[in-house]
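Let me begin by presenting the structure, written as structure tokens, before commenting on it.
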Amino acid sequence: MSSDAPVLKLSELSAIVAEVFQQHFAAERFWVTAEIIGLKMSRGHCYLQLAEKDENGTTPKAEFRGNIWSFQYERISQRFFRMTGSPLREQIEVLLCVEVKYHERYGLSLVVHDMDPAYTLGRLEMEKRQTLERLKKEGLYERNKSLELPVSMQRIALISAEDSRGFEDFMNRLETNPYGYTFEVTLYNSLLQGNLAAADIVVQLNRIKTDLPVKGYTAVALVRGGGGVSGMECFNQYLLAEQIAKFPLPVITGIGHHADRSVADEVAHTQRMTPTDVANFLIEHQAAFEGRMESYWEQVREMALEVLRSDKEQMAVSSQRLGNTVRLELNREGRKLDQSAFLLKHLLQGTLIREQHTLDELRRQLQKEVRLMQQLEQAGMDECKSRLRHALSTFFEQCADRLNKAEAMNRLLDPAEVLRRGYSYTLHAGKALVAAEEVKDGDTLTTVLYRGEIQSTVNKK
């Protein structure tokens, strides 16, 4: 190195850089756009990792640390939530008012003073329009809508969150429907918002597709409770919309309100505002099916009665024609008898006897044929009734059997039954403990058994 070059300590160089930043950026603020790729809270402060990515959306072109101090965070976060319906989180693009700061120890960072939630909403809406245009261009927009609804939809694959209000509303409405219909609903538990929600719902759709040959589902319901626009971002992702559009069963959504209509709603077969509306749709569809069945049965009954009436009229006409024929024949024979008088007396007696026998035989045959026709018609009606009763009995038995199996499975999955088999779970500060890193030495733990609880203290991890 040159003997004239000064030798600086790292702290001295850092102080020089800090002075340069102070001269050029002191109290100056900039509005910048960036994507939040990392977010962490500590003591009320919010620490952000901000980035601008390249055209492919993978490699960062620029990256900064950002800070929202506690006295600013509450105002900024509350306003953002109020306008978007979603808290600040990762993987959203934001418009920030920042001040460039350089700290001699912590380096370069951006101090956030304000945020414009309207920018984030605009970005989300633009991405939604682009996704819809792509689906229409690929011929997927109307694909699921073109599927014909089954005449009866009582076996439903439900994608929802088991602990959500939307799931509770949906099930409660189905179970308390005024017609007393029984629906067989299989829950595929899934995330419904957040970065991983879209991928998780796709996984559940693939599971339903795999189970379809065995379960025989007639439709898929995707429901969640209401929420803000940003909270529905996962339902605007192309990956999820593509899977819904290509799904082999009609997909019915109830994931928001008309103002929050998502891409998933757009490509689904049927969209309803809320989980309760989806349940009402299924109930009304089943009621329409029952109405058609009652109408068909009434038509069958009327047709049978019409056949009986027609046969009865035909028999009456035949009987009248036969009587007329007999009377004419008797008149002709009477005239012959009058003409032949004495000479044909004995022959006439024999003829009259033979004719009487013939008439009796014709009468017996006619009565026999009439009875046979009535028996055949009655047997046909009895056979139709028997088949219908048997089909209905078999259907109700199958429904009852599936219900009993579901109840048995629910009893096996009862948490109390799991504890009875020797399992237990441990609580720390009232929450379930899943990793040793969540506790430290000296913490008090509660182990819950089937009968009783055990208090313990962490001595070593």
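Rule-based calculations on the coordinates, nothing more; no lab input. Please read all numbers here as calculations on a predicted model, not as lab measurements. Note that we place each Cβ from the backbone using ideal geometry, even for glycine, and neighbour counts take in every protein chain shown.
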**OP:** Work from the charge dipole of the chain (Cβ charges, +1 for Lys and Arg, -1 for Asp and Glu, about the Cα centre) and give the residue of Val326, Tyr238, Gln374 farthest towards its positive end.
**Re:** Val326
Subject >> Given charges at Cβ of Lys, Arg, Asp, Glu: the chain dipole, positive-most of Ala221, Leu13, Cys97 >> reply: Ala221
**OP:** Note down the net charge around Asp116, summing +1 for each Lys or Arg and -1 for each Asp or Glu among other residues with Cβ under 12 Å from its Cβ.
**Re:** 0
Original post:
Using 18 Å as the cut-off for backbone N distance, which residues of segment 151-176 belong to the label zone defined by a point 7 Å from the Cα of Lys215 along Cα→Cβ?
Top reply: 152-164, 167-168, 170-172, 174-175
Original post:
In Å, the Kirkwood hydrodynamic radius of segment 1-94 over pairs of distinct alpha carbons?
Top reply: 16.4
Subject >> Calculated FRET value between His103 and Ile454, using beta carbons and R₀ = 41 Å, to 0.05 >> reply: 0.25
Subject >> Dipole of the chain, positive end: most advanced residue of Leu413, Leu50, Thr447 [Cβ charges, Cα centre] >> reply: Leu413
**OP:** Would you mind checking the radius of gyration and Dmax of segment 107-227 based on alpha-carbon positions, in Å?
**Re:** 19.4, 69
Subject >> Magnitude of the charge dipole, the chain, Cβ model with Lys/Arg +1 and Asp/Glu -1, debye to 20 >> reply: 1600
Original post:
So what's the back-of-envelope 222 nm ellipticity for the chain, counting only DSSP H runs of four-plus at -39500 (n - 2.57) apiece and dividing by all residues, rounded to 500?
Top reply: -18000 deg cm²/dmol
Original post:
What distance in nm separates the simple spin-label points at Arg421 and Val203, each placed 7 Å from Cα in the Cβ direction?
Top reply: 2.2
Original post:
When the chain is fully extended, how far beyond the present Cα-Cα distance does Lys405 get from Glu90, taking 0.36 nm per residue of separation?
Top reply: 109.1 nm
Original post:
Could you give the semi-axes, largest first, of the ellipsoid that matches the chain, computed as the square roots of 5 times the alpha carbon gyration tensor eigenvalues and rounded to whole Å?
Top reply: 87, 29, 16
**OP:** Report the FRET efficiency, 1/(1 + (r/R0)^6), for Thr182 and Ser310, where r is their Cβ-Cβ distance and R0 is 51 Å, rounded to 0.05.
**Re:** 0.80
Original post:
Give me the log10 of I(q) over I(0) for segment 40-156 at q = 0.23 Å⁻¹, as the Debye formula computes it from C-alpha points; what are the numbers?
Top reply: -1.38
Original post:
Could the peptides 395-406, 88-99, 178-189 be put in order, highest first, of the mean number of other beta-carbon atoms found within 10 Å of their residues?
Top reply: 88-99, 178-189, 395-406
Original post:
For segment 195-311, how big is Rg over Rh, using alpha carbon atoms and the Kirkwood form of Rh?
Top reply: 1.21
